[in-house]
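Only one structure is covered here, and it is reproduced in the block below.
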Amino acid sequence: MSHTVPPQPGILQIALYEAGTSHLAGRTDALKLSSNENPFGPSHKAREAVARSVHQMHRYPSTDHAALRHAIGEAHGLDRDRIICGVGSDEIIHFLCQAYAGPDTEVLFTEHGFLMYRISAMAAGATPVAVGERDRTTDIDALIAGATPATRLIFVANPNNPTGTMVPLDELERLALAVPQAILVIDAAYAEYVGGDYDGGADLATRLPNVVMTRTFSKIYGLGGLRVGWAYGPREIIDVLNRIRGPFNLSGPALEGAEAAVRDRAHVEHSRSENARLRVWLARALADRGVPSDASFANFVLARFADGATAEACDAALREAGIIVRRVAGYGLPHCLRITVGDEASCRRVAHVIGQFTAARAQIQVPAP
């Protein structure tokens, strides 16, 4: 007699996460601008560290990630004992939901927030609650109003993905103080691209008992393939997360590569400055071609079109030209395309193709005399 063991309630209701397209059929020269990857790749020091690490692949990696936590602490001026490392910041998001959410609790996030917030909440049996944004920007008042006694976690990406917008840190502090029964998780995956004195929420996570900051090595450090992330927060919360973390969740090459990457400040500064320059150029070039976007603080721009059909048609034109960008209908933005800021040649190529597309559409829509 055959039978099926059912999964936990809610698991089958989770929509599978769809990553950005990586390949185009029949093309080997596709330009991938769909996953917000650093066009300059990882630093040469990180490459060398990973290459050296292969000679120790028969050894188990560190269980406490002490060397990497020490390097992160030095780079950011943080207490290494308040740092936890994970398989990307995604795993830490999952840890937080597993440890603090569950049946009869709620997890709050914004309507255009990262899809993993909903997925991890549902996997823990919690109720995901999305609140509205204001002009594609996090609305702190809406989050405060959306919180209930059942709210245990609030996720705010700052800058946000896929919008690229952000809110001031004093507004995030106001949110944390207004909802003391919940942990505010500031997802600062793109913090390094902001520049200035933006610390991603580190000071808030130092001072307040209910704030955690998450970071990643997948963006400006160019280590998406190694899958390394980290979080910083109150010792009590980090201790809880470490109790459910697998003892060998990060590989030896990943640990060595990340440690070398975080110490290579020159590579980070070069990537940040080039991204800032080209982000401004790309946004202006698209605006000149009739495609607006909000001011972005990350390494992508969210191009807005008249409607979903126009966005899909532009995406098709880009694919025909061998360029892959990200459709974001799954984020509630069917009329938008998220475009990673590549190197200068890539930005010029994207602007050229979109310019051709908008010009052709304008000619089609002009009525005959």
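The values are calculated or read from the model by the stated rules, or taken from the named source; none is laboratory data. Every value quoted in this text rests on a predicted model; they were computed, and no experiment measured them. FYI the Cβ positions are ideal-geometry reconstructions off the backbone, even for glycines, and counts take in every protein chain you see.
Test each condition in (1) at pLDDT 95 or above; (2) in the same structural domain as P180 (by TED's automatic domain parsing); (3) closer than 26 Å to V156 by Cα for G257 and report the one that comes out false.
(3)
Within the range 195-209, is even one residue over 20 Å from the mean Cα position of the chain (by Cα), more than 30 Å from L337 (Cβ to Cβ), part of a loop (DSSP other than H, G, I, E, B) and modelled with pLDDT of 95 or more?
Yes, the range 195-209 contains a residue that is over 20 Å from the mean Cα position of the chain (by Cα), more than 30 Å from L337 (Cβ to Cβ), part of a loop (DSSP other than H, G, I, E, B) and modelled with pLDDT of 95 or more.
For the range 154-170, which residues satisfy the criterion of being of a type in the set (A, V, I, L, M) and touching an Asp or Glu at 6+ places or on another chain (Cβ under 8 Å)?
Hits for the range 154-170 are V156, A157, L169.
May I ask you to say which residue of A66, A46, A30 is within 23 Å of N275 (Cβ to Cβ), in contact with a helix residue (DSSP H, G or I) (Cβ under 9 Å, 6 or more places away or on another chain) and surrounded by fewer than 21 Cβ atoms within 10 Å (Cβ to Cβ)?
Just a single option satisfies the conditions, and that option is A30.
With the checklist (1) surrounded by fewer than 19 Cβ atoms within 10 Å (Cβ to Cβ); (2) at pLDDT 95 or above in hand, flag the one item R326 doesn't pass.
Here R326 clears every test but (1).
Every residue, every condition in (1) more than 29 Å from R304 (Cα to Cα); (2) among the aromatic types (F, W, Y); (3) surrounded by fewer than 19 Cβ atoms within 10 Å (Cβ to Cβ), yes or no:
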site: R82; (1), (2), (3): yes, no, no
site: C97; (1), (2), (3): yes, no, no
site: E106; (1), (2), (3): yes, no, no
site: F114; (1), (2), (3): no, yes, no
site: D139; (1), (2), (3): no, no, yes
site: I144; (1), (2), (3): no, no, yes
site: V156; (1), (2), (3): no, no, no
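Any idea which residue in the range 295-309 is farthest from D135 (Cα to Cα), counting only those that are touching a helix residue (DSSP H, G or I) at 6+ places or on another chain (Cβ under 8 Å) and part of a loop (DSSP other than H, G, I, E, B)?
Applying the filter and picking the extreme gives N299.
Listed residues Y17, Y60; which is among the hydroxyl-bearing types (S, T, Y) and assigned by TED's automatic domain parsing to the domain that holds V211?
Exactly one of Y17, Y60 is among the hydroxyl-bearing types (S, T, Y) and assigned by TED's automatic domain parsing to the domain that holds V211, namely Y60.
Report yes if some residue within the range 122-129 is farther than 30 Å from A71 by Cα, in a helix (DSSP H, G or I) and touching a residue at least 60 places away in the same chain (Cβ under 8 Å); otherwise report no.
The answer is yes, given that some residue of the range 122-129 is farther than 30 Å from A71 by Cα, in a helix (DSSP H, G or I) and touching a residue at least 60 places away in the same chain (Cβ under 8 Å).
Do we have any residue at all in the range 68-79 that's among the β-branched types (V, I, T), part of a loop (DSSP other than H, G, I, E, B) and either under 30 Å from R118 (Cβ atoms) or in the same structural domain as L337 (by TED's automatic domain parsing) (or both)?
Checked the range 68-79: no residue is among the β-branched types (V, I, T), part of a loop (DSSP other than H, G, I, E, B) and either under 30 Å from R118 (Cβ atoms) or in the same structural domain as L337 (by TED's automatic domain parsing) (or both).
So which residues in the range 267-295 are of a type in the set (G, A, S), without any contact (Cβ under 8 Å) to a residue 60 or more places away in the chain, more than 16 Å from G196 (Cα to Cα) and out of contact with any Pro (no Cβ under 9 Å at 6 or more places or on another chain)?
The one that is of a type in the set (G, A, S), without any contact (Cβ under 8 Å) to a residue 60 or more places away in the chain, more than 16 Å from G196 (Cα to Cα) and out of contact with any Pro (no Cβ under 9 Å at 6 or more places or on another chain): A287.
Name the residues in the range 69-93 that are among the acidic types (D, E) and out of contact with any helix residue (DSSP H, G or I) (no Cβ under 7 Å at 6 or more places or on another chain), would you?
Across the range 69-93, the qualifying residues are E74, E91.
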